[in-house]
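The values are calculated or read from the model by the stated rules, or taken from the named source; none is laboratory data. Because the structure is a prediction, the values reported are computed rather than measured. Cβ sites come from the backbone with ideal geometry, for glycine too, and all protein chains shown count toward neighbours.
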Amino acid sequence: MSKAANKKRIIGRWRIIETEAWAKKDLDLVEHAFVHFEEDGPYGAFAMIAIRAGVHYCVSERAGKPLVEWQGLEEGRDDMCGRGWATLDADGRLRGRIFIHCGDDSSFVAERFTEPKQRARRTRGR
């Protein structure tokens, strides 16, 4: 598959649903845990627990599967950086590993993020 086709399959927002190192309830401490790859460039965002970082990513292929690798930097109260990688599996999930520089690392699973459908507002006619 071409790099452009792989990128098309990877771009978007992915909800981190599982890790080996952190409990599911802790992943969403501040907001829903996610990794996001913007369509217009090699940039995106990452959030998990109390971390929110910008990322720079690239898409390639590993063992015939689309692969995304990224590096990120959080410029909050305590600056931190890290990196990660994931492959897109046949079931449509991203599976990979997150590394926090001088900290923890963990495998993770993410699903394509789907926003809840908003209910149409009902208006009353007069």
>> If I ask for residues that are assigned to a helix (DSSP H, G or I) and more than 17 Å from residue 104 (Cβ to Cβ), which ones from region 1-24 would you list?
In response: 3, 4, 5, 6, 7, 8, 9, 10
>> Please list, ordered by residue number, the strands (runs of 3 or more DSSP E) wholly in region 28-92 having 3 or more residues that are modelled with pLDDT of 90 or more and surrounded by fewer than 16 Cβ atoms within 10 Å (Cβ to Cβ).
In response: 51-62
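Being at pLDDT 90 or above and of a type in the set (Phe, Trp, Tyr): is that true of residue 99 here?
Yes.
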> Among the residues of region 66-95, which ones are within 19 Å of residue 17 (Cβ to Cβ) and charged (D, E, K, R)?
Replying inline: 89, 91, 93, 95
>> Looking at region 59-81 only, could you name the residues that are over 13 Å from the mean Cα position of the chain (by Cα) and within 20 Å of residue 100 (Cβ to Cβ)?
In response: 73, 74, 75, 76, 77, 78, 79, 80, 81
> How many residues does region 93-113 contain that are closer than 16 Å to residue 10 by Cα and either free of Cβ contacts under 8 Å to residues at least 40 places away in the same chain or not in a strand (DSSP E or B) (or both)?
Replying inline: 5
